[in-house]
Amino acid sequence: MSTVITSSLSDTLPSTVPKLDAEGGNWAIFLVRFMDAVEAKGFWGHFDGTSPVPVTTSEPTDAEKAAKTQWEKDERSAKTLLTQRLPDSTVMEIHSKKTVKERWEVVVKEYTVKGHYAQTEMRAKFLTSRCPEKGNAKEFLRGLRLKKEELAQVGVKISDDDYLSTIMSSRPDALANFASVQMSWTLMSEQWRALASSEKDLMFRSTNTNR
């Protein structure tokens, strides 16, 4: 009974491994979670080729037979782990490949490209976020912050500078124009204060020189 339970657990991915999105949007986090889970189960060598099928002699010994039998069992477990969180279309695509290593290579090649395009699109969409003209600014900013955190979870990093820039450019036109005027007046005021301070210094120096 315990053997059956142990085998069942070794053939099941933990819930922390997400289902891979068919468009590759969560490829980055899937890859990290999946690799960690498979390594913990001791099967990663079947994916990267470092655990090849054991070589047997023309008249294999009992030890050689046992080693090959165990490898074949682990290979089947590795195949089960791989297909658990893949889209059905990808499972059908890789099914003709004989080994886990060959199947994994197809998955990596396809989703590395998909993931790059998906992340680029998600990043661009975030940076062009706009608050509706009559929308609730607080709700919008709260949603923007949550979206930033969600993107980080799938490997899309938004720098603090880009985040601030997005907030500033996401303002409705009326608010943006008002803010622009306010910033202009603030800048002009600062310039006038700087000029006044400079003029005051010159006058002070001139007075001291005349004395």
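Miscellaneous remarks
- Remark: relative contact order (the range 31-105) = 32 percent; criterion is Cα-Cα distance under 8 angstrom and separation of 6 or more residues.
- Within the straight-line cut-off of under 19 Å between alpha carbons, the aspartates and glutamates reachable from K41 are D11, E72, D74, E75, sequence neighbours fewer than 8 places apart in one chain being disregarded.
- Aspartates and glutamates whose Cα lies under 14 Å from that of K134, excluding same-chain neighbours fewer than 8 positions away: D173
- Taking amide H as placed 1.01 Å from N in the peptide plane, S51 has its amide H under 5 Å from the amide H of H46, each at least 5 places away in sequence or on another chain.
Readers should treat all values here as calculations from the given coordinates under stated rules, not as data from a laboratory. Treat the numbers as computed from the prediction; the structure is a model and nothing was measured.
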